[in-house]
Amino acid sequence: MTMSAATGKVASLLGPAVDIARRLGLAAAPTFALMAWISAVGSLGMTMCSADPAFVPINDMALMYLLMSFFHLSPWLKLFSARSQRRNTPVTQTGD
């Protein structure tokens, strides 16, 4: 009896923590994309890491943030995949 009560408490405490972790995972890609945009349109004096930015239209920091944004797209892809699967599931109707 005590074991099942403890399991229920852990499950009820883990639910919000898992939900918060999922939302933080969704926040990473847009945050890095915004940082890439800010780095790309920033002033020329802000380019500390690039020696010669003339041959690439964006600086090294913007490229790094853009790559990090792509690497953190998986939670968004999972979310869109789950939504499209829910949308495409057939609804069974019962006869009256």
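The values are calculated or read from the model by the stated rules, or taken from the named source; none is laboratory data. The structure displayed is predicted, hence computed values, not measured ones. FYI the Cβ positions are ideal-geometry reconstructions off the backbone, even for glycines, and counts take in every protein chain you see. Heavy atoms of the whole protein, side chains included, go into the accessibility calculation; ligands, DNA and RNA do not. Shrake-Rupley method; radii C 1.70, N 1.55, O 1.52, S 1.80 Å.
Annotations for the structure displayed:
- Taking each residue of segment 73-96 that is under 16 Å from Leu24 (Cα atoms) and outside any loop (DSSP other than H, G, I, E, B) and looking for partners that are open to solvent by less than 100 Å² (accessible area, probe 1.4 Å) and modelled with pLDDT of 80 or more with beta-carbon atoms closer than 8 Å, six or more apart or interchain, yields Pro75/Gly25; Pro75/Leu26; Pro75/Ala28; Pro75/Ala29; Trp76/Leu26; Trp76/Ala29; Leu79/Leu26.
Table: residues versus (1) in contact with a Leu (Cβ under 8 Å, 6 or more places away or on another chain); (2) modelled with pLDDT under 80.
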site	(1), (2)
Ala51	no, yes
Pro57	no, yes
Leu63	no, no
Trp76	yes, no
Arg86	no, no
Thr92	no, yes
Gly95	no, yes
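- Positions within segment 27-49 being surrounded by 14 or more Cβ atoms within 10 Å (Cβ to Cβ) and at pLDDT below 85, in sequence order: Ala40, Thr47
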